[in-house]
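Report on the following structure.
The values are calculated or read from the model by the stated rules, or taken from the named source; none is laboratory data. Worth saying up front: this structure is predicted, and the values here are computed from it rather than measured. Note that each Cβ is placed from the backbone with ideal geometry, even for glycine, and that neighbours are counted across all protein chains shown. Ligands, DNA and RNA are stripped out before the accessible areas are found, and what is left, the full protein with its side chains, is counted by its heavy atoms. Shrake-Rupley method; radii C 1.70, N 1.55, O 1.52, S 1.80 Å.
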Amino acid sequence: MTAPTTASRIRGCLLGGGVGDAMGAPVEFLSLTEIRAAFGPDGLAGYAPAYGRTGAITDDTQMTLFTAEGLLRTQALHEEEGVAHPPSILHRSYLRWLHTQGHPGQGIGDRKDPDGWLITQPVLHHRRSPGNTCLAALRSGRMGSLAERLNDSKGCGGVMRVAPIGLVAAHPLVLGVQAAAITHGHPSGYLAAGAFARIIAGLHAGGGLRESIEETLEVLGGWPDHEETTVAVRAAIDLADNGPPTPDRVEQLGGGWVAEEALAIGVYCALTAPDFRTGILAAVNHSGDSDSTGAITGNLLGALLGEEAIPSPWTDELEAHHLIAQIADDLIAAFVQGASVDSGRYPTW
Ligand SMILES: [Mg+2]
């Protein structure tokens with residue numbers, strides 16, 4: 001098998017995350033017992049309806065797209081001004097996401113009218129069980145950072161949205177941390193995000209999954225308060241050495257409601273996956289936060305295996321898949337091909 005191209009990894013990462021999110025959406029709040037009662041002893045084997053349709057994306061994919069938008073705007077501003085502060089621009093992008101969640105103008109600061117192309121997409125203007133920490137932090141009118149932590153939350157809302165950072169950032173671990181700290185103040189909330197972005201970066205560069213994880217753990221070990229995240233990821237690696245995934249094994253890593261557990265489950269399901277399909281189904285058929293663990297696993301496997309590894313019926317039925325592919329293509333144009341960023345789509349305000 002030939003290695004995927006860089007473009008295929010980028011499209012695979014974003015579309016794969018969307019597919020995993022959509023796969024988990026109908027069972028996010030169901031226990032394993034309830035999943036088996038509804039879908040049979042093996043659980044879900046494909047999309048089931050959620051939010052009134054099959055293939056529905058949730059806040060995980062929405063926020064991932066706004067992360068990508070922020071990165072494209074950062075690049076545009078850098079081209080125009082020669083400087084840019086990526087965390088501030090990502091914060092603005094997340095405020096635009098907040099706008100789509102029915103809080104028009106909330107937290108936008110000095111800007112009354114959120115601008116740009118992404119926010120005009122009706123398909124994103126749906127509430128799909130957004131995380132309370134993300135909503136509250138963004139509505140606070142303040143931008144969280146390592147220096148000014150807004151709360152002590154380590155919910156998985158920081159980690160589940162940062163995959164695009166791993167595809168383009170020069171320092172993915174640092175920017176992944178900064179992006180998550182905008183809303184999540186607990187070290188595991190932002191360090192799991194930095195680690196996730198760094199693992200994605202390793203895959204994007206053509207590295208193996210195990211190798212990318214080990215490299216990441218080495219760098220992560222230099223950060224204060226890394227222990228909880230390191231232990232969680234190390235547990236996932238050890239468990240992966242013990243045979244194929246089962247729901248019981250996934251649940252040994254926790255429920256994924258908190259960031260380091262969501263990352264651990266994603267890492268475990270990706271490490272044990274013989275193919276994209278098997279990995280995604282393992283990532284959603286458990287009692288925990290199935291859409292986020294599905295999204296993280298899908299980002300990892302898509303970046304590792306490329307777009308071609310995703311079953312095409314799953315991509316075709318995925319809500320907003322044209323939009324997701326468009327953002328991926330914009331990242332490819334701006335960061336791989338060196339083209340100028342479309343200022344109509346990604347204005348520098
Ligand atoms: Mg969700």
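Within segment 1-31, the set of residues being assigned to a helix (DSSP H, G or I) and not small (Gly, Ala, Ser) comprises THR6, ARG9, ILE10, ARG11, CYS13, LEU14, LEU15, VAL19, ASP21, MET23, PRO26, VAL27.
Out of curiosity, is ARG161 in contact with a helix residue (DSSP H, G or I) (Cβ under 6 Å, 6 or more places away or on another chain) and of a type in the set (D, E, K, R)? Yes.
Just one residue in the set GLU215, GLU227 is surrounded by fewer than 20 Cβ atoms within 10 Å (Cβ to Cβ), of a type outside the set (A, V, I, L, M, F, W, C), more than 21 Å from ARG36 (Cβ to Cβ) and touching a residue at least 12 places away in the same chain (Cβ under 8 Å); that residue is GLU215. Here GLN62 passes the criteria (1) within 15 Å of the ligand (Cβ to nearest atom); (2) farther than 24 Å from LEU300 by Cα; (3) not basic (Lys, Arg) except the one numbered (2).
Within segment 41-56, the residues that satisfy the criterion of being within 16 Å of the ligand (Cβ to nearest atom) and open to solvent by 80 Å² or more (accessible area, probe 1.4 Å) are PRO49, TYR51, GLY52, ARG53. Scanning segment 297-315 for residues that are within 16 Å of the ligand (Cβ to nearest atom) and within 23 Å of ARG36 (Cβ to Cβ) yields THR297, GLY298. When residues in segment 160-177 are screened for being within 16 Å of the ligand (Cβ to nearest atom) and out of contact with any Pro (no Cβ under 9 Å at 6 or more places or on another chain), 3 of them pass. Here the helices (runs of 4 or more DSSP H) wholly within segment 143-210 that include at least 1 residues being crowded, with 23+ Cβ neighbours inside 10 Å, under 16 Å from the mean Cα position of the chain (by Cα) and without any contact (Cβ under 8 Å) to a residue 60 or more places away in the chain are 172-181, 187-204.
Scanning segment 112-132 for residues that are in contact (Cβ under 8 Å) with a residue 12 or more places away in the chain and farther than 24 Å from ALA320 by Cβ turns up nothing.
Criterion applied to GLY43, GLY82, GLY70 was being touching a helix residue (DSSP H, G or I) at 6+ places or on another chain (Cβ under 7 Å), of a type outside the set (A, V, I, L, M) and over 18 Å from THR297 (Cβ atoms), and the one residue passing it is GLY70. With respect to the conditions (1) closer than 11 Å to VAL19 by Cα; (2) within 16 Å of the ligand (Cβ to nearest atom); (3) within 15 Å of the chain's Cα centre (by Cα), ALA320 lacks only one, and its number is (3). Does segment 67-82 include one or more residues that are free of Cβ contacts under 8 Å to residues at least 12 places away in the same chain and more than 16 Å from the chain's Cα centre (by Cα)? Yes.
Results for (1) among the hydroxyl-bearing types (Ser, Thr, Tyr); (2) open to solvent by less than 10 Å² (accessible area, probe 1.4 Å); (3) more than 22 Å from ALA262 (Cα to Cα); (4) within 16 Å of the ligand (Cβ to nearest atom), shown as yes or no for each residue.
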| site | (1), (2), (3), (4) |
| --- | --- |
| THR6 | yes, no, yes, no |
| GLY18 | no, yes, no, yes |
| SER31 | yes, no, no, no |
| PHE39 | no, no, yes, no |
| THR58 | yes, yes, no, yes |
| GLY70 | no, yes, yes, no |
| ARG73 | no, yes, yes, no |
| HIS85 | no, no, yes, no |
| GLN101 | no, yes, yes, yes |
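Of the residues making up segment 257-275, at least one is within 14 Å of the ligand (Cβ to nearest atom) and open to solvent by 10 Å² or more (accessible area, probe 1.4 Å).
Whether a residue is modelled with pLDDT under 95 and open to solvent by 10 Å² or more (accessible area, probe 1.4 Å) was assessed, and ASP248 passes this test.
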